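The values are calculated or read from the model by the stated rules, or taken from the named source; none is laboratory data. Quick caveat, the model's predicted, so the values are computed rather than measured. Methodologically, a virtual Cβ is constructed for each residue, glycine included, from the backbone with ideal geometry; neighbour enumeration extends over all protein chains shown. Ligands, DNA and RNA are stripped out before the accessible areas are found, and what is left, the full protein with its side chains, is counted by its heavy atoms. Shrake-Rupley method; radii C 1.70, N 1.55, O 1.52, S 1.80 Å.
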Amino acid sequence: MSTLIDGKALAEELRGEVGLEAAALLQRHGRAPGLAAVLVGEDAASQVYVRNKHKACQQAGLHSEVFRLPSDCPRERLLALVDLLNADPAFDGILVQLPLPAHLNEQEVLERIRPDKDVDGFHPINVGRVLAGLPGAFAPATPAGIVELLRRSGIPTAGAHVVVLGRSNIVGKPLASLLMQKGPGADATVTVCHSRSRELADHCRRADILVAAIGRARFVSADMVKEGAVVVDVGINRIEDPTAPKGSRLVGDVDFDAVAPRCRAITPVPGGVGPMTIAMLLKNTVESARRRLEGPR
Ligand code: NDP
């Protein structure tokens, strides 16, 4: 029988640790770590994500402010806000919630954020540092959360064959970067698959740890999973379900009911990777504050 990896409980544990470190910094330096979230436009999902991050910051004792701009905000106004936040000592972390309205260039905006405040880890400097395995890099919260989830669940990655489904800059690629590094929590043999991969199911069946991050509801079926594998489901897909209270519900990229009995351990959706993502964002923000206030470790 498989073990359910309780991302909610692990994230709570991590948020508790982050909260203690934030309180210690406040005591030593007279200010709490600060996160600025920039939200452009009215995208419903983005509003929910930003609200959840803001709430989580407050609960952990971080200073958090949300800066809202209208959906027709000119490029110059958004860049000027980022410049202001870059220079503001109250903020150790800046996140610009994606996606941005189509007239704005996401890459330009992400590259405007100071790398040492880029707690989302999307600036090319941090992407490069993570790939090179250099200290002091901010890794994106979702893949960093997956590494942390595996570590806290006692699932070793050293020598394991990890197959990552999906090659996005937010999940698949940075996760592969992290897991292929030398050292604790890494040392894996990594295969990355995508929509052009041939014999996808064969790759999946060779995985000791299978990570699904493709955004296709219940795509991974039981016959794609090796007996005794660990399965991490990153996907968040809303499907219609007349029996659900709102007529729809969230499912992952893995057919959970069919796959779970075969695995050693599996993450649920919701309550798996999602909560860890927010906790890692807080961890990056506190780490940024610690570096700013006390220098590198
Ligand atoms: P993207 O759409 O950016 O990337 C999807 C990746 O999956 C692409 O590399 C794509 O291949 C690949 N893919 C799509 N269809 C298939 C297929 N049929 N077979 C093989 N590969 C396929 O998505 P994200 O990485 O941003 O997100 C993935 C999922 O994770 C989504 O459901 C998203 O909601 C969720 N997510 C969850 C988070 C959390 O905190 N839990 C955080 C971020 C995302 P190609 O490159 O060839 O197009």
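For the stretch 215-225, a residue qualifies if it is away from the ligand (no atom under 11 Å from the Cβ) and charged (D, E, K, R), and the qualifying residues are 218, 223. Scanning the stretch 148-204 for residues that are in contact with a helix residue (DSSP H, G or I) (Cβ under 9 Å, 6 or more places away or on another chain), within 21 Å of residue 134 (Cα to Cα) and small (Gly, Ala, Ser) turns up 172, 176, 177, 185, 186, 188. Within the stretch 241-293, the set of residues being within 16 Å of the ligand (Cβ to nearest atom), outside any helix (DSSP H, G or I) and of a type in the set (Ser, Thr, Tyr) comprises 248, 267.
Take the conditions touching a strand residue (DSSP E or B) at 6+ places or on another chain (Cβ under 9 Å) and either within 12 Å of the ligand (Cβ to nearest atom) or modelled with pLDDT of 95 or more (or both) and apply them to residue 109. Does it pass? In short, yes. The selection criterion, being surrounded by fewer than 18 Cβ atoms within 10 Å (Cβ to Cβ) and either within 9 Å of the ligand (Cβ to nearest atom) or not in a loop (DSSP other than H, G, I, E, B) (or both), does not hold for residue 296. Assess whether residue 196 counts as being under 28 Å from residue 64 (Cβ atoms) and of a type outside the set (Asp, Glu). Judged against the criteria, residue 196 is not a match.
Just the residues that are surrounded by 11 or more Cβ atoms within 10 Å (Cβ to Cβ) and β-branched (Val, Ile, Thr), please, taken from the stretch 243-268.
Within the stretch 243-268, 251, 254, 259, 266, 267 qualify.
Looking only at the stretch 226-234, decide whether some residue is of a type in the set (D, E, K, R), in contact with a Gly (Cβ under 9 Å, 6 or more places away or on another chain) and within 10 Å of the ligand (Cβ to nearest atom). Looking through the stretch 226-234, at least one residue is of a type in the set (D, E, K, R), in contact with a Gly (Cβ under 9 Å, 6 or more places away or on another chain) and within 10 Å of the ligand (Cβ to nearest atom).
Within the stretch 12-122, considering only helices (runs of 4 or more DSSP H) that don't extend past its boundaries, which have at least 3 residues that are touching a residue at least 12 places away in the same chain (Cβ under 8 Å) and within 18 Å of the chain's Cα centre (by Cα)?
Once the helices (runs of 4 or more DSSP H) in the stretch 12-122 are filtered for at least 3 residues that are touching a residue at least 12 places away in the same chain (Cβ under 8 Å) and within 18 Å of the chain's Cα centre (by Cα), what remains is 44-59.
Within the option set 98, 39, 62, 81, being surrounded by 13 or more Cβ atoms within 10 Å (Cβ to Cβ) and touching an Asp or Glu at 6+ places or on another chain (Cβ under 7 Å) holds for one residue only, 98. If you go through the stretch 195-209 and keep only what is open to solvent by 60 Å² or more (accessible area, probe 1.4 Å) and either closer than 19 Å to residue 143 by Cβ or in contact (Cβ under 8 Å) with a residue 40 or more places away in the chain (or both), you end up with just 206.
Within the stretch 228-253, residues that are farther than 26 Å from residue 205 by Cβ reach partners that are in a loop (DSSP other than H, G, I, E, B) and within 16 Å of the ligand (Cβ to nearest atom) with beta carbons closer than 8 Å, at six or more positions or on different chains, in the pairs 250/236; 250/269; 250/270.
Considering the stretch 140-175 alone, what residues qualify as being open to solvent by less than 10 Å² (accessible area, probe 1.4 Å), under 15 Å from the mean Cα position of the chain (by Cα), within 11 Å of the ligand (Cβ to nearest atom) and not small (Gly, Ala, Ser)? Within the stretch 140-175, 140, 143, 146, 149, 164, 175 qualify. Quick one: would you say residue 212 is small (Gly, Ala, Ser), within 14 Å of the ligand (Cβ to nearest atom), open to solvent by less than 30 Å² (accessible area, probe 1.4 Å) and touching a strand residue (DSSP E or B) at 6+ places or on another chain (Cβ under 9 Å)? Considered against the rule, which asks whether it is small (Gly, Ala, Ser), within 14 Å of the ligand (Cβ to nearest atom), open to solvent by less than 30 Å² (accessible area, probe 1.4 Å) and touching a strand residue (DSSP E or B) at 6+ places or on another chain (Cβ under 9 Å), residue 212 comes out as yes. The number of residues in the stretch 84-95 being among the hydrophobic types (A, V, I, L, M, F, W, C) and surrounded by fewer than 18 Cβ atoms within 10 Å (Cβ to Cβ) comes to 3. Counting only residues that are of a type in the set (A, V, I, L, M) and either within 12 Å of residue 166 (Cα to Cα) or within 11 Å of the ligand (Cβ to nearest atom) (or both), the stretch 176-205 holds 4 of them.
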